[in-house]
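Asker: Handing you a structure now.
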């Protein structure tokens, strides 16, 4: 049995914590999974592909944190 679950854009945005424009910018750059056409007016992402993308980002930077630059006086 093929158990594919699709996520809508709002679900993807919540899961990856990226804005709509950033997601589509990364799709255009080839660094984010492309959506599938589900109906004429609806598209979605395979949950497994979004999970893979999230896991690949974690593997790339294990234990690293986002550093914020503090201006020097």
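Asker: Calculate, in nm to one decimal, what residue 19 and residue 47 gain on full extension: separation in residues at 0.36 nm each, minus their alpha carbon distance.
Answerer: 8.3 nm
Asker: Just to be sure I understand the model, the point goes 7 Å from the Cα along the line to the Cβ. What's the resulting residue 26 to residue 3 distance in nm?
Answerer: Each label point is offset 7 Å from its Cα along the Cβ direction, giving 2.6 nm.
Asker: Return a whole-number percent for the relative contact order of the range 6-56, with Cα pairs under 8 Å and 6 or more residues apart as the contact set.
Answerer: Relative contact order, the range 6-56: 41 percent.
Read-outs: derived from the displayed coordinates by stated rules, not from any lab. Everything quoted here is computed from the prediction, not taken from an experiment. Every residue, glycine as well, gets a Cβ built from its backbone with ideal geometry; the counts of neighbours run over all protein chains shown.
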